[in-house]
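These notes are about the structure you will find just below.
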Amino acid sequence: MTMTAIGDLARTFVLRNHNSELKGRLDRLTDELSSGRIADLGAKVRGDWSVVAGMEASLKRLDSFDMAVSEAASYTAGMQSALGAVASLSENLGASLLVAGSGGSDLPAESVGKDALASFEGAVAALNAQAAGRSLFAGAAPDSPALTAPGDMLNDIRAAVGGATTAGAITTAVEAWFAPGGGFDAAYLGSATSAGPFAVGQGTTVGIDVTAEDSRLRDVLAGHAMATFLADGTLSDPDEKVALAAYAGAHLLSADAELSKLRAEVGSAEARIERAGTRNAAERTSLEIARTELVSADPFERASELEAVRTKLEMLYSLTVRSANLSLMEYMR
């Protein structure tokens, strides 16, 4: 039988090599056990980084979608709040106008007219609202207010009404001013183009095509503007004041119904944005679970391997000690 022996120097080299290898494995396993992540991800994916890169790219894309969802939600919430304020002002004024226009009420038309002036100013302020520095009802002109100052609008409306002395003449002139092609077109400072849609998910966009020049908002403002003539001295005949109050009240009542439809459209956009956010959150959770499974180190498996390496290292130390204590006299005994 052929026997191969190695010298003391070679034996020392072999022992040191095994010692270094076992210590390296011990350090790696200790690190993986403490961090919960595998140290050599390249070995885990066998050099194919496309899966990892795809997950990271998807997560970054979801980050951008989350920002868009947050911005869109803030935008639509601001619009809904502003439209709610306009609706509340319109409902309150409309009810007072209908009472004053009944003819037998103790509520003077002049008092309702003064309320109408404050209500008109409040409605314009609501439509000039901003969210995160972005004008809500100015379309594709986010840096511009949607409407000019309410006082300037009323001055232009009074100029258009001229010397009218009847409720019919006033309402006709006011409606013409707010109609397309009338004076309101110049009072609208926003863009004729609606704001661009929000990309809130993969292949999902939500557009909100609502500006202050929407016909339904024009009608609401027209009803407020009509009622302001009850208090500015334009009408002296009490019957004409009652007629104007009744017409303006009915006009606001009709405009309120259309305004509710507009708020429902914005509410529908809010629901689509919320659903997109929910889908994005579910996709993110799935990706994060998959990524965790890919890069995580099984603590039980690592603990078992660590114990095995520790045992081997102890055996190696024992062999090293025995090898170092060998002598010719001990061998001859």
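Scan the range 252-259 and give yes if some residue there is more than 30 Å from Ser64 (Cα to Cα), over 24 Å from the mean Cα position of the chain (by Cα), polar (S, T, N, Q) and not in a helix (DSSP H, G or I), otherwise no.
no
Checking Val112 against (1) under 38 Å from the mean Cα position of the chain (by Cα); (2) modelled with pLDDT under 95: exactly one of these is not met. Which one?
(1)
Say whether the condition of being of a type in the set (Asp, Glu), open to solvent by 10 Å² or more (accessible area, probe 1.4 Å) and either touching a strand residue (DSSP E or B) at 6+ places or on another chain (Cβ under 6 Å) or under 24 Å from Gly139 (Cα atoms) (or both) is met by at least one residue in the range 183-205.
Within the range 183-205, the first condition is being of a type in the set (Asp, Glu), and the residues that meet it are 185.
If we keep only those that are open to solvent by 10 Å² or more (accessible area, probe 1.4 Å) as well, we get 185.
Applying the additional criterion that residues be either touching a strand residue (DSSP E or B) at 6+ places or on another chain (Cβ under 6 Å) or under 24 Å from Gly139 (Cα atoms) (or both) yields 185.
The answer is yes, given that some residue of the range 183-205 is of a type in the set (Asp, Glu), open to solvent by 10 Å² or more (accessible area, probe 1.4 Å) and either touching a strand residue (DSSP E or B) at 6+ places or on another chain (Cβ under 6 Å) or under 24 Å from Gly139 (Cα atoms) (or both).
Check the range 119-129 and report whether any residue there is open to solvent by 20 Å² or more (accessible area, probe 1.4 Å), farther than 24 Å from Ala199 by Cβ, assigned to a helix (DSSP H, G or I) and not aliphatic (A, V, I, L, M).
Within the range 119-129, one or more residues are open to solvent by 20 Å² or more (accessible area, probe 1.4 Å), farther than 24 Å from Ala199 by Cβ, assigned to a helix (DSSP H, G or I) and not aliphatic (A, V, I, L, M).
Out of (1) at pLDDT 95 or above; (2) in contact with a Phe, Trp or Tyr (Cβ under 7 Å, 6 or more places away or on another chain), the odd one out for Leu244 is which?
(1)
Go through the range 141-248 and tell me which helices (runs of 4 or more DSSP H), entirely inside it, have 1 or more residues that are within 30 Å of Ala276 (Cα to Cα).
Numbers: elements: 150-161, 167-178, 184-187, 215-228.
In the range 141-248, the matching helices (runs of 4 or more DSSP H) lie at 215-228.
When the residues of the range 234-287 are filtered to those that are under 12 Å from Thr76 (Cβ atoms) and out of contact with any Ser or Thr (no Cβ under 9 Å at 6 or more places or on another chain), which remaining residue is most open to solvent (accessible area, probe 1.4 Å)?
Glu274
What residue, among those in the range 130-176 that are open to solvent by 30 Å² or more (accessible area, probe 1.4 Å), closer than 20 Å to Lys241 by Cβ and of a type outside the set (A, V, I, L, M, F, W, C), is modelled with the lowest pLDDT?
Gly163
Would you check if Tyr317 is modelled with pLDDT of 70 or more and among the aromatic types (Phe, Trp, Tyr)?
Numbers: modelled with pLDDT of 70 or more: no; among the aromatic types (Phe, Trp, Tyr): yes.
The answer is no for Tyr317.
What is the residue count in the range 126-174 for residues that are touching a residue at least 24 places away in the same chain (Cβ under 8 Å) and either among the hydrophobic types (A, V, I, L, M, F, W, C) or touching a helix residue (DSSP H, G or I) at 6+ places or on another chain (Cβ under 6 Å) (or both)?
Residues flagged as touching a residue at least 24 places away in the same chain (Cβ under 8 Å) and either among the hydrophobic types (A, V, I, L, M, F, W, C) or touching a helix residue (DSSP H, G or I) at 6+ places or on another chain (Cβ under 6 Å) (or both) within the range 126-174 amount to 25.
I'm checking my understanding of the structure. Among residues of the range 54-74 that are within 13 Å of Arg291 (Cβ to Cβ) and open to solvent by less than 60 Å² (accessible area, probe 1.4 Å), which one is modelled with the highest pLDDT?
Our first condition is that a residue be within 13 Å of Arg291 (Cβ to Cβ); within the range 54-74, this holds for 54-60, 62.
With open to solvent by less than 60 Å² (accessible area, probe 1.4 Å) added as a condition, the list becomes 54-55, 57-59, 62.
Details: Gly54: 77, Met55: 77, Ala57: 87, Ser58: 88, Leu59: 88, Leu62: 91.
Filtering first and then ranking leaves Leu62.
Residues in the range 206-230 that are within 16 Å of Phe120 (Cα to Cα) and open to solvent by 10 Å² or more (accessible area, probe 1.4 Å): how many?
Of the residues in the range 206-230, the ones within 16 Å of Phe120 (Cα to Cα) are 212-213, 216-230.
Remaining after also requiring open to solvent by 10 Å² or more (accessible area, probe 1.4 Å): 213, 216, 218-219.
Residues meeting the conditions: 4.
The values are calculated or read from the model by the stated rules, or taken from the named source; none is laboratory data. Quick caveat: nothing in here was measured; it's all calculated off a predicted structure. So basically every Cβ, Gly included, is an ideal-geometry build from the backbone, and we count neighbours across all protein chains shown. Just the protein is used for accessible areas: all its heavy atoms, side chains included, with ligands, DNA and RNA removed. Shrake-Rupley method; radii C 1.70, N 1.55, O 1.52, S 1.80 Å.
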